[in-house]
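Working notes, structure below.
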Amino acid sequence: MTVNKQIQVAVADDHTLLRNALARLINSFENYKVLFEASNGQEVKEKLNKHIIPDIILLDVNMPDIDGYETAKWIYKNFPQVKILALSMFSDENIIIRMLRLGAKGYIMKNAEPEELKLALDSVLHKDFYLSELISGKIISGLHKDMDKPQEPVHLTEKEKEFLKWVCTELTYKDVAGKMFVSPRTVDDYRNSLFEKLGVKTRVGLVIYAIKHSMVEI
C-alpha cells in the first residue's frame, strides 16, 4: 500500500490570529501539514538554519523586523528548494512583480477563499507557479506601462519559442516534454537556457516575458 507523502508547509505572518487560522486550514487539507509558524523573517531564518525545512512557505509580504521581500530574497539564495507563495492584503502590481522577481512562485490575497488557497498550494507544488486571474491582470497592466521602453534584442531558437508557448499553459514540464517530443532533461535545458537569456528566475518570469513580447495571446 502506497502512502502519500505529506507536504510540509510553513506559515509566516505577524498577525497571530490570522496565522493560526491559516495553519488550521492548511492542516485540514489532505496530505498537507504545517511544519512551523513564524511571525517575521528572522524566525523563518532561524528555523531554516536549524534545517527545519518545509516544501512550501506561505510568506506574508508585510512583516516587522525582516519583511517578506528580504525574507524571500534570502530563502531563494540559501534554500532555493523551498517554494515561496507570497501572501498579502494588497494587489498592487509593483508589489506582486517585486515578490516574483525575488523568487516567489505565486501570489495570493489574504481575502482569498479556502478553495483558492488549496489550489494555490497545489499549483506551486506541482506546476511551480500560481497566479489568480485578478493577479495576472495586475501584472499584465504593470508590464504594459513600460512596453515602449527600448530593450536589447534576445535571440531565441525556434524550440525555445515553442517551449515558451507551452510554458504559458497549465501543462507541467513533463507534459511539455511530451508535447514537444523531447526528453524531460531537454525541457530542463530549454528552461535553464531561457532563465539565463531572459534574466528571470521562475516559470512566472517566463510567462511574463512571453506575454510582454506578444508570443502568446492574452
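The values are calculated or read from the model by the stated rules, or taken from the named source; none is laboratory data. Please read these numbers as outputs of a predicted model, since none were measured by experiment. All Cβ positions, even for glycine, are placed from backbone atoms using ideal geometry, and neighbour counts span all protein chains on display. These area figures cover heavy atoms from the full protein model, side chains too; ligands, DNA and RNA do not enter into them. Shrake-Rupley method; radii C 1.70, N 1.55, O 1.52, S 1.80 Å.
Tabulated data
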{"read-out": "Residue in the range 9-52 that is nearest to the chain's Cα centre (by Cα), counting only those that are of a type in the set (Val, Ile, Thr) and surrounded by fewer than 17 Cβ atoms within 10 Å (Cβ to Cβ)", "value": "Ile52"}
{"read-out": "Qualifying positions in the range 130-165 - among the β-branched types (Val, Ile, Thr) and either open to solvent by less than 40 Å² (accessible area, probe 1.4 Å) or at pLDDT below 90 (or both)", "value": "Ile135, Ile139, Ile140, Val154"}
{"read-out": "Glu93 over 22 Å from Leu206 (Cβ atoms), free of Cβ contacts under 8 Å to residues at least 60 places away in the same chain and either open to solvent by less than 20 Å² (accessible area, probe 1.4 Å) or of a type in the set (D, E, K, R) (or both)", "value": "no"}
{"read-out": "Selection from the range 170-215 of residues that are of a type in the set (Val, Ile, Thr) and surrounded by 15 or more Cβ atoms within 10 Å (Cβ to Cβ)", "value": "Val176, Val182, Val187, Val200, Thr202, Val204, Val207, Ile208, Ile211"}
{"read-out": "Test: residue in the range 57-74 that is among the acidic types (Asp, Glu), open to solvent by less than 60 Å² (accessible area, probe 1.4 Å) and at negative phi", "value": "yes"}
